[in-house]
Amino acid sequence: MHIPERRLENKVAIITGAGCVGPGWGNGRAIAVRFSQEGAKVFAVDINSESMTETQQLIREFGGDFTPYVADVTQAESVQALVQACLARYGGIDILVNNVGGPAPGGPVDLSEALFDAQIDLNLKSVFLTCKYVIPVMEQKGSGAIVNIASISGIRFSGAPQVGYAVSKAGVIQFGRVVAVEYAQKGIRINSILPGQLHTPLVDAVLAKTQSAGDLQALLKRRQARIPMPFMGDGRDTAHAALFLASDEARFITGTELIVDGGMTAKCD
């Protein structure tokens with residue numbers, strides 16, 4: 001069993017997409033639980049309040065400080081309100097984890113214009129908006145850590161045509177690099193995590209339908225075949241990476257990416 005080292009003791013962390021579409025370890029749930037184990041006060045955001053119920057229950061088991069909040073992070077007014085609610089609840093913001101996102105299948109011919117726009121809003125505009133309203137709070141304090149959850153789809157073709165998802169995640173990566181340089185002198189670090197083909201509840205609930213006609217086992221077999229390591233990770237692997245980047249152990253790391261994919265992007269074929 002992992003013994004928490006309390007690396008985020010008394011730090012306030014906003015985690016967007018902290019819910020989950022089903023049982024198991026999605027990225028947002030795993031990050032919220034892991035951060036709480038390390039002493040963070042977690043301000044958990046999701047558009048669906050019920051999706052955060054299990055996350056909250058898991059955190060309550062060890063007495064963690066968890067505040068659920070419902071918001072649509074693709075809307076500026078909603079983001080402004082959640083930032084103010086976090087400040088009212090905890091008095092500050094030390095960490096921001098941008099985990100909202102999701103794929104839609106299709107290349108430029110098959111994907112509708114409306115769905116392409118929605119992908120940009122969900123995966124990229126959401127990061128822009130949270131940073132827009134959280135960074136001034138961190139700047140006033142003179143410190144902060146932002147972790148954006150991108151994807152290896154932003155740097156590689158990952159096996160399925162999903163152009164809206166790929167380009168928006170590529171945008172998240174470059175957004176992190178540019179903003180990290182801008183705010184480095186102000187004590188704010190910004191990094192991205194690029195998860196690979198993890199086995200999260202999203203795979204079971206969504207991707208099996210959109211990529212494999214409902215045949216989950218066939219989809220898992222195809223995904224595993226792309227990964228050099230003999231197993232697929234899950235949201236806990238993303239959470240461990242996020243913990244490192246959010247902690248003071250990563251004090252000299254900014255404007256870069258941490259790939260969490262079992263070697264998939266290093267594989268040539």
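Name the pairs: first residue in the range 245-257 and open to solvent by less than 60 Å² (accessible area, probe 1.4 Å), second residue in a loop (DSSP other than H, G, I, E, B), Cβ to Cβ under 6 Å, at least 6 apart or on different chains?
Short answer, once both residue conditions are applied: 247/7.
Can you find even one residue in the range 226-235 that is outside any loop (DSSP other than H, G, I, E, B) and modelled with pLDDT under 90?
No: the range 226-235 contains no residue that is outside any loop (DSSP other than H, G, I, E, B) and modelled with pLDDT under 90.
What residue, of 160, 166, 184, 170, is of a type outside the set (S, T, N, Q), surrounded by 18 or more Cβ atoms within 10 Å (Cβ to Cβ) and modelled with pLDDT of 95 or more?
Details: 160 fails: modelled with pLDDT of 95 or more; 184 fails: surrounded by 18 or more Cβ atoms within 10 Å (Cβ to Cβ); 170 fails: surrounded by 18 or more Cβ atoms within 10 Å (Cβ to Cβ).
It is 166.
In the range 20-47, what residues are open to solvent by 10 Å² or more (accessible area, probe 1.4 Å) and closer than 27 Å to residue 77 by Cα?
20, 21, 27, 41, 46, 47
Exactly one of these conditions fails for residue 138: (1) farther than 19 Å from residue 78 by Cβ; (2) surrounded by fewer than 17 Cβ atoms within 10 Å (Cβ to Cβ). Give me its number.
Failed condition: (2).
Only one residue in 143, 112 is over 15 Å from the mean Cα position of the chain (by Cα), polar (S, T, N, Q) and closer than 23 Å to residue 11 by Cα. Which one?
When all the criteria are applied, what remains is 143.
State the number of residues belonging to the range 73-109 that are modelled with pLDDT of 95 or more, part of a loop (DSSP other than H, G, I, E, B) and over 24 Å from residue 239 (Cβ atoms).
The qualifying residues number 5.
Anything in the range 120-151 that is under 29 Å from residue 199 (Cα atoms), touching a Leu at 6+ places or on another chain (Cβ under 8 Å) and in a helix (DSSP H, G or I)? List them, or say none.
Those that are under 29 Å from residue 199 (Cα atoms), touching a Leu at 6+ places or on another chain (Cβ under 8 Å) and in a helix (DSSP H, G or I): 130, 131.
The values are calculated or read from the model by the stated rules, or taken from the named source; none is laboratory data. All values derive from a computational prediction rather than experimental measurement. FYI the Cβ positions are ideal-geometry reconstructions off the backbone, even for glycines, and counts take in every protein chain you see. Heavy atoms of the whole protein, side chains included, go into the accessibility calculation; ligands, DNA and RNA do not. Shrake-Rupley method; radii C 1.70, N 1.55, O 1.52, S 1.80 Å.
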